[in-house]
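Q: My structure is below; once you've seen it, I'll send some questions.
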Amino acid sequence: MSDAPGWAAMDTSLRKLYGSAEPFHLGTKHPWALGGPDPLDGISIYQHGGPLPHWHYISYGMSELYEKSSPDPETSGWGFEFTFRLVRRPNVSQPPMWPAALLQQLGRYVFDSGKRFKPGHTMRAGAALATDRPDSAIRAMAFTIDSELGRIATPHGDLQFLQIVGLTDEEYRAALGGNCSAVLDHLAGYLPLHVTDVDRGPLAG
């Protein structure tokens, strides 16, 4: 039996989408559980073919990967794992690393504050999400269920794959007051699967 049954359950779900494709995988040398700075034990990054080619980042560590310790038998850990989809440019063979740092930062926020993200939540970053693109207009985020991964059951309870979607400041303001779903529906017409494109400006509404 696996010593990480939660992790194995996630991998089983990802194989349904990606088959035998091997992801780029980023491990954590000094994990949070051992006093380290990073709450995520790993991040896998897959190449997704389309309809808009992109990198698909998936976190490991917001749910219970190894053993059950939380009191809720129906929910694994915080009840979600982060995902993020970033436009993949032609002839680029290595995924950018700033999204992985973003996932760690968001995980750190949850672990430190005790506040969990849910579908429909929004957050303004105060700066460009892409640290290598300080001029980017994508400076805020919305959270939604990853449309391809959804929700799965694990031996430690259920989890949902919670996708981070990059927004401009204008889109962030439009999403406030319960309008997040409408804004995301609009964006999906331009960016299938809610892929984030840090080179874009506001989309016509």
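Q: Tell me which lysines have Cα within less than 23 Å of K118's Cα, excluding those fewer than 8 residues away on the same chain?
A: Those lysines meeting the cut-off are K68.
Q: Between R89 and S20, 0.36 nm times their residue separation minus their Cα-Cα distance comes to what? Numbers along the way, then the final one.
A: Working: separation 69, 0.36 × 69 = 24.84 nm, distance 2.30 nm.
Length gained between R89 and S20: 22.5 nm.
Q: While we're looking at this one, here's another question. Considering the chain as a Gaussian network with a 10 Å cut-off on Cα pairs, which listed residue, R116, R15, R88, attains the greatest mean-square fluctuation?
A: R15
Q: Right, another one. Just to confirm my numbers, what's the Cα centroid distance between the stretch 1-76 and the stretch 129-160 in Å?
A: Using only Cα atoms, the two centres lie 13 Å from each other.
Q: Based on the Cβ-Cβ distance of D11 and E170, what FRET efficiency does E = 1/(1 + (r/R0)^6) give at R0 = 30 Å, to the nearest 0.05? Mind showing how you got there, number by number?
A: Working: r = 38 Å, r/R0 = 1.28.
After rounding to 0.05, the efficiency reads 0.20.
Q: When the solvent-accessible surface of protein heavy atoms is calculated with a 1.4 angstrom probe, in what order do D185, D38, D146, D3 fall, highest first? Don't jump to the answer; show the numbers that get you there.
A: Working: D185 105, D38 45, D146 0, D3 130 Å².
Ranked list, largest accessible area first: D3, D185, D38, D146.
Q: What number comes out for accessible area per residue over the chain if the probe is 1.4 Å? Units Å², please. Don't skip to the answer; put the middle values down first.
A: On the way: 9840 Å² over 205 residues.
Computed with neighbouring chains in place, this is 48 Å² per residue.
Q: Just from its helices, what would the mean residue ellipticity at 222 nm be for the chain, if runs of 4 or more DSSP H residues each count -39500 (n - 2.57) and the sum is divided by every residue, rounded to the nearest 500 deg cm²/dmol? Working shown, then result.
A: On the way: 4 runs with 46 residues, N = 205.
So the helix-based figure for the chain works out to -7000 deg cm²/dmol.
Q: Distance in nm between label sites at H121 and Q47, each 7 Å beyond Cα in the beta-carbon direction?
A: Result: 3.3 nm between the two label points.
Q: Here is a further query. Using 7 Å Cα-to-Cβ label points, what is the A153/L203 separation (nm, one decimal)?
A: 3.5 nm
Q: Turning to a different aspect of this structure: Roughly how many percent of the accessible protein surface of the chain is carbon and sulfur, given a 1.4 Å probe and a whole-percent answer? Could you put the intermediate results ahead of the total?
A: On the way: 5200 of 9840 Å².
Accessible surface attributable to carbon and sulfur in the chain totals 53 percent.
Q: Whose amide H sits under 5 Å from the amide H of G42, counting only residues 5 or more places off or on another chain, with H placed in the peptide plane?
A: Y60
The values are calculated or read from the model by the stated rules, or taken from the named source; none is laboratory data. Small disclaimer: the values here were computed from a predicted structure and weren't measured. Note that we place each Cβ from the backbone using ideal geometry, even for glycine, and neighbour counts take in every protein chain shown. What goes into the accessible areas is simple: the full protein's heavy atoms, side chains included, and nothing from ligands, DNA or RNA. Shrake-Rupley method; radii C 1.70, N 1.55, O 1.52, S 1.80 Å.
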